[in-house]
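Single-structure report; data block below.
The values are calculated or read from the model by the stated rules, or taken from the named source; none is laboratory data. Since we're looking at a predicted model, the values are computed, not measured. Note that we place each Cβ from the backbone using ideal geometry, even for glycine, and neighbour counts take in every protein chain shown.
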């Protein structure tokens, strides 16, 4: 397995620490003018999402994590596993609930997702930044309200609940920002 | 060919203008102070021996060197400037580019601007007064307070340990107790552990709203400073901090040729032990010391960081026209 020297550290680099894959969030080079240099890094554990700080002696090496992102199409959920397909090779992969995480709230068949692979196996799934979903249930709003002020909860076809303006009704399509979980606008098919 | 999106400068035009104004003010300061501006070579056949610094190297082809002579880009102009002192030039300063391999970060860039000056017949305590006056002048903050703290006093007061006495295991334990993570199996010598504690626990609190001179270093960190026997042996060296950032490093200069040669050899041994290249020693510098260099105090001040402090910016790229990623 390849190694990285601390001089190669930058945000986005994937490294192995204590058996887990990590992403470097921030790298600070710390060096007294006449002394030992250090790399003080903030790293995010790609398995559990937790961020920790670590100090390295500059010049030390650390094992590279075989982690990369790939675009895959979400096919279906069989009740336990989410199935994805590489659109180029047609190769299929499955991911469980811990891997899919929050993305499960937003994705539906055919959506293209960013799947992070570690040693060739799915580690995390990221929903598209924006998704268009059908409202399956929301209370009827007040007639004539177009301001959107206040809002009301609406359940989407994937089961996610978002706040929508009062004028938006069941059976309509809405565009949602998956990073914030917020309604953006009404949408056409 | 598509136009590169990186063609414009990284620094704001205002920062580039502020640099020009800073240089003008520095030259004005030294004109009044009676210090002479000099230039010495940036590329030389000898390199600094400091084990903490790595040189960039280039190659010159010319008479006598058909296959090329390696020339090292200076990490500091101190050796040639001391040759000028030995030649009897009196107080001198230089504003120049210096180069350090492997250094890059918020406060580091592989080439940066250094102001270095020497005062023959002056003590390092008096030189600190002049450094403070110069920084106040450049920052246009005449009332900026200044303080001096000894290295030993700082470690005793803030970390409860004596940096002259504490061993590696005590220093490691103190670093762990301070919450520094990832260091459980780190291999460092005593000075490395002191550097870890200094950079992680102490530096951020140095020079907050004032000029803090950290003085009198452990003899193992003397670099090119003279030693003095106090209660313990101290190196007559100082560093200046402002808002947690190291701005300058100064010495009561070592002028004894035998002691200097011994430090060169110790540096070479350290480099060999670390499996790094050993570089040719500057024999001309040693010859100048033999001929007699006047007792002097000298200091090197990082001008990019000084400009950062003036403009209140956090990243060195905000004061560089074209950082290394854009050249």
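See the values below:
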{"item": "All positions within region B:226-245 that are buried (at least 21 other Cβ atoms within 10 Å of the Cβ) and in contact (Cβ under 8 Å) with a residue 60 or more places away in the chain", "result": "B:234, B:236, B:237, B:238, B:240, B:242"}
{"item": "Sole exception among (1) under 19 Å from the mean Cα position of the chain (by Cα); (2) at pLDDT below 90 for residue B:300, by number", "result": "(2)"}
{"item": "Residue match in region B:213-222 (condition: within 11 Å of another protein chain (Cβ to nearest Cβ), under 18 Å from residue A:53 (Cβ atoms) and surrounded by fewer than 21 Cβ atoms within 10 Å (Cβ to Cβ))", "result": "no"}
{"item": "Residue within region B:57-73 that is touching a residue at least 24 places away in the same chain (Cβ under 8 Å) and within 20 Å of the chain's Cα centre (by Cα) present", "result": "yes"}
{"item": "Residue in region B:99-125 that is nearest to the other protein chains (Cβ to nearest Cβ), counting only those that are in a strand (DSSP E or B) and over 23 Å from residue B:314 (Cα atoms)", "result": "B:116"}
{"item": "Residue list for region B:1-47, restricted to those being surrounded by 13 or more Cβ atoms within 10 Å (Cβ to Cβ), outside any helix (DSSP H, G or I) and touching a strand residue (DSSP E or B) at 6+ places or on another chain (Cβ under 8 Å)", "result": "B:35, B:36, B:37, B:38, B:40, B:42, B:43, B:44, B:45, B:46, B:47"}
{"item": "Residue check for residue B:161: away from every other protein chain (no Cβ under 14 Å), within 16 Å of residue B:243 (Cα to Cα) and surrounded by 13 or more Cβ atoms within 10 Å (Cβ to Cβ)", "result": "no"}
{"item": "Exclusive hit being in contact (Cβ under 8 Å) with a residue 12 or more places away in the chain, on the phi < 0 side of the Ramachandran plot and surrounded by fewer than 20 Cβ atoms within 10 Å (Cβ to Cβ), set B:85, B:89", "result": "B:89"}
{"item": "Check on residue A:26, surrounded by fewer than 19 Cβ atoms within 10 Å (Cβ to Cβ), within 14 Å of another protein chain (Cβ to nearest Cβ) and over 30 Å from residue B:238 (Cβ atoms)", "result": "yes"}
{"item": "Selection status of residue B:277, within 19 Å of residue B:104 (Cα to Cα) and out of contact with any helix residue (DSSP H, G or I) (no Cβ under 6 Å at 6 or more places or on another chain)", "result": "no"}
{"item": "Matching residues, region B:177-186, being surrounded by fewer than 15 Cβ atoms within 10 Å (Cβ to Cβ) and touching a strand residue (DSSP E or B) at 6+ places or on another chain (Cβ under 7 Å)", "result": "B:181"}
{"item": "Filtered residues of region A:1-12 (kept if more than 14 Å from residue A:54 (Cα to Cα) and either more than 14 Å from chain B (Cβ to nearest Cβ) or in contact (Cβ under 8 Å) with a residue 40 or more places away in the chain (or both))", "result": "A:1, A:2, A:3, A:4, A:5, A:7, A:12"}
{"item": "Region B:275-306, residues that are in contact with a strand residue (DSSP E or B) (Cβ under 9 Å, 6 or more places away or on another chain), assigned to a helix (DSSP H, G or I) and farther than 29 Å from residue B:240 by Cα", "result": "none"}
{"item": "Whichever residue in region A:13-23 is assigned to a strand (DSSP E or B) and within 12 Å of chain B (Cβ to nearest Cβ) and, among such residues, is farthest from the chain's Cα centre (by Cα)", "result": "A:17"}
{"item": "Residue within region B:189-205 that is surrounded by fewer than 21 Cβ atoms within 10 Å (Cβ to Cβ), out of contact with any helix residue (DSSP H, G or I) (no Cβ under 7 Å at 6 or more places or on another chain), away from chain A (no Cβ under 11 Å) and in contact (Cβ under 8 Å) with a residue 24 or more places away in the chain present", "result": "yes"}
{"item": "Selection status of residue A:33, away from chain B (no Cβ under 14 Å) and more than 16 Å from residue B:186 (Cβ to Cβ)", "result": "no"}
{"item": "Check on residue A:110, surrounded by fewer than 13 Cβ atoms within 10 Å (Cβ to Cβ), closer than 21 Å to residue A:167 by Cβ and touching a strand residue (DSSP E or B) at 6+ places or on another chain (Cβ under 8 Å)", "result": "no"}
{"item": "Filter pass, residue B:48 being under 21 Å from residue B:118 (Cβ atoms), in contact (Cβ under 8 Å) with a residue 12 or more places away in the chain and more than 23 Å from the chain's Cα centre (by Cα)", "result": "no"}
{"item": "Some residue of region B:258-270 being away from every other protein chain (no Cβ under 14 Å), in a helix (DSSP H, G or I) and either touching a helix residue (DSSP H, G or I) at 6+ places or on another chain (Cβ under 7 Å) or on the phi > 0 side of the Ramachandran plot (or both)", "result": "yes"}
{"item": "Whichever residue in region A:45-69 is closer than 30 Å to residue A:87 by Cβ and surrounded by 17 or more Cβ atoms within 10 Å (Cβ to Cβ) and, among such residues, is farthest from the other protein chains (Cβ to nearest Cβ)", "result": "A:67"}
{"item": "Criterion violated by residue A:76 - all others in (1) within 25 Å of residue A:134 (Cα to Cα); (2) touching a helix residue (DSSP H, G or I) at 6+ places or on another chain (Cβ under 7 Å) satisfied", "result": "(2)"}
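Here's the yes/no breakdown for (1) closer than 22 Å to residue A:22 by Cα; (2) touching a strand residue (DSSP E or B) at 6+ places or on another chain (Cβ under 9 Å); (3) surrounded by 18 or more Cβ atoms within 10 Å (Cβ to Cβ):
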| residue | (1), (2), (3) |
| --- | --- |
| A:79 | no, no, no |
| A:84 | no, yes, yes |
| A:98 | yes, no, no |
| A:116 | yes, yes, yes |
